[in-house]
1. Among the residues that make up segment 355-375, is at least one of them under 20 Å from Ala50 (Cα atoms) and in a loop (DSSP other than H, G, I, E, B)?
2. Any idea which residue in segment 328-346 is surrounded by the most Cβ atoms within 10 Å (Cβ to Cβ), counting only those that are part of a loop (DSSP other than H, G, I, E, B) and in contact with a Lys or Arg (Cβ under 9 Å, 6 or more places away or on another chain)?
3. Would a scan of segment 119-135 turn up a residue that is at pLDDT below 95, in the same structural domain as Ala46 (by TED's automatic domain parsing) and of a type in the set (Asp, Glu)?
4. So is Lys312 surrounded by fewer than 15 Cβ atoms within 10 Å (Cβ to Cβ), modelled with pLDDT under 95 and either more than 30 Å from Arg54 (Cα to Cα) or assigned by TED's automatic domain parsing to the domain that holds Tyr98 (or both) or not?
5. Applying the selection to segment 86-99, what residues are over 17 Å from the mean Cα position of the chain (by Cα) and either closer than 16 Å to Met500 by Cα or hydroxyl-bearing (Ser, Thr, Tyr) (or both)?
6. Run down Asp525, Asp507, Asp464 and say which single residue is outside any helix (DSSP H, G or I) and free of Cβ contacts under 8 Å to residues at least 24 places away in the same chain.
7. Would you say Thr389 is surrounded by 12 or more Cβ atoms within 10 Å (Cβ to Cβ), assigned by TED's automatic domain parsing to the domain that holds Leu99, more than 29 Å from Ala108 (Cβ to Cβ) and of a type in the set (Ser, Thr, Tyr)?
8. Could you please give the count of residues in segment 427-457 that are among the hydroxyl-bearing types (Ser, Thr, Tyr) and either surrounded by fewer than 16 Cβ atoms within 10 Å (Cβ to Cβ) or assigned to a strand (DSSP E or B) (or both)?
Amino acid sequence: MTQYSNDISQISELKDKAGSSWSAINPEYAARMRAQNRFRTGLDIAKYTADIMRNDMDAYDIDPTKYTQSLGCWHGFIGQQKMISIKKHFEGKTDRRYLYLSGWMVAALRSEFGPLPDQSMHEKTSVAALIKELYTFLRQADARELGGLFRDLDAAREAGDSDKAASIQDQIDNYVTHVVPIIADIDAGFGNAEATYLMAKQMIEAGACCIQIENQVSDEKQCGHQDGKVTVPHEDFLAKIRAVRYAFLELGVDNGVIVARTDSLGAGLTKQIAVSREPGDLGDQYNSFLDCEEVGPEALQNGDVILNRNGKLLRPKRLPSNLFQFRQGTGEDRCVLDSITSLQNGADLLWIETEKPHIGQIGGMVDRIREVIPNAKLVYNNSPSFNWTLNFRQQVFDAWAEAGKDTSAYNRDNLMSANYDESDLAKEADERIRTFQADSSRQAGIFHHLITLPTYHTAALSTDNLAKEYFGDQGMLGYVANVQRKEIRQSIACVKHQNMSGSDIGDDHKEYFSGEAALKAGGKDNTMNQF
């Protein structure tokens, strides 16, 4: 017996026990409402999606072609439409396709202060609120789609079409939810380890099965693709990783996933000199990357900070900002050390923030990490901060030049020019972009590919195009031809925007609650019937 049938039977028994006072209750209607509300709490979602993500990680270890993907979302509607589209285009399945919650987009689009840079200045509670919102919209997508199946089931029964009714019942019994894992950005933890723990709890309670945390100084935090990044000593970062793990365990999400992000490749500064108790310990390794000069006692100045290393006195370079500087060229070594120590101390996945999408660069670091942690896996930011066209055209140009191929028809510094768009070089670059995710997952250990800000950019682009047409000489045709007609042709669900907002779900409930007396919105005069 299916869960749906079980629920009908169980509610029928309750109805019989309640007697005549429940005579108007229809057990099947109640079972339908249960099916439409499968996930009752955020913790239900976190536990369910953590299992999905763990299974996907295991599958990737066996077969690296089975990488996962996500797109960043800044509103529940965006996440909902993404998952509806995925189910529509991929045989009703959501396999290996997640959601990403970007701290950048929360700061830029969801703060009461207005648009903010990605510097952890926004309200920390807005992150958990967005997770809850995303899952509220995904749960409604389930309710809407199941509601349609229930109406189709009733129609088939009324028409006496038992075969069709059985087919629809099978779809209900094997329904694929829109609810998928979310990788949620907690920035640098929004404070100390205790603040990180409290913030993580809110995010998990809202439904997050996976939390991504970075090794920057919380109150100096910068976007991963901007300058001025400042990292913390390893022990400080590991304390925050442990804080997140404790939050998962306290809430019973034993399979919770932690992504440890290192910004060390582009971070040349530290606020603290690490504590070192003996040569070669983790603090000593962190300090070994500092830009120092050897000094004698006679050269010491008031306020100097001095390190004693192997009997030598070293003065780290301190900037007017009171920050200390790392030696040039140490970024990759620091990334490797960050990654190994994070995985050895409770993290499950890595995120190495890079300045360009280059498989050789990423793979080189992963190879070094896997010498110590053989199953190390990455989450990678396919960032809109990269100029993908220019980067890959330059990579092809350099590969051609190295192979002795004639590149005289191309100006490497001007490869972004539209004049090259139909060239052989541009076509090869586009093919490398197309296969980048599959190639890097095989060659560089990338388990999950995400685009942090795609819907920010698509919203801007589509709005610009609509405004240009609508406020120009196209008038209403600018909307009809470029939006509504395309929605109809492409079967975009939100062309029936009343249905998407829950109008039909409300009609169902009115019928459940009031029977024939229900005043429903979906009658013959509803203009949505035009679609």
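1. Within segment 355-375, the subset under 20 Å from Ala50 (Cα atoms) is 375.
Now drop any that are not in a loop (DSSP other than H, G, I, E, B), which leaves 375.
Scanning segment 355-375 turns up at least one residue that is under 20 Å from Ala50 (Cα atoms) and in a loop (DSSP other than H, G, I, E, B).
2. Looking only at segment 328-346, we keep the residues that are part of a loop (DSSP other than H, G, I, E, B), and these are 328-330, 345-346.
Still in the list and also in contact with a Lys or Arg (Cβ under 9 Å, 6 or more places away or on another chain): 345-346.
Numbers: Asn345: 17, Gly346: 15.
Per the criteria, the residue is Asn345.
3. Yes, the conditions are met somewhere in segment 119-135.
4. On the way: surrounded by fewer than 15 Cβ atoms within 10 Å (Cβ to Cβ): yes; modelled with pLDDT under 95: yes; either more than 30 Å from Arg54 (Cα to Cα) or assigned by TED's automatic domain parsing to the domain that holds Tyr98 (or both): yes.
Yes.
5. Residues of segment 86-99 that are over 17 Å from the mean Cα position of the chain (by Cα), as a first pass: 87-93.
If the condition is that a residue be over 17 Å from the mean Cα position of the chain (by Cα) and either closer than 16 Å to Met500 by Cα or hydroxyl-bearing (Ser, Thr, Tyr) (or both), then Lys87, Lys88 are the ones that fit.
6. On the way: Asp507 fails: outside any helix (DSSP H, G or I); Asp464 fails: outside any helix (DSSP H, G or I).
After applying the criteria, what remains is Asp525.
7. Details: surrounded by 12 or more Cβ atoms within 10 Å (Cβ to Cβ): yes; assigned by TED's automatic domain parsing to the domain that holds Leu99: yes; more than 29 Å from Ala108 (Cβ to Cβ): no; of a type in the set (Ser, Thr, Tyr): yes.
Criteria not met by Thr389.
8. Pass one, segment 427-457, residues among the hydroxyl-bearing types (Ser, Thr, Tyr): 435, 440-441, 452, 455-456.
Still in the running and either surrounded by fewer than 16 Cβ atoms within 10 Å (Cβ to Cβ) or assigned to a strand (DSSP E or B) (or both): 435.
Number of matching residues: 1.
The values are calculated or read from the model by the stated rules, or taken from the named source; none is laboratory data. Values in this document were obtained by computation on a predicted structure and should not be read as measured data. Neighbour counts run over all protein chains shown; Cβ positions are idealised from the backbone, glycine included.
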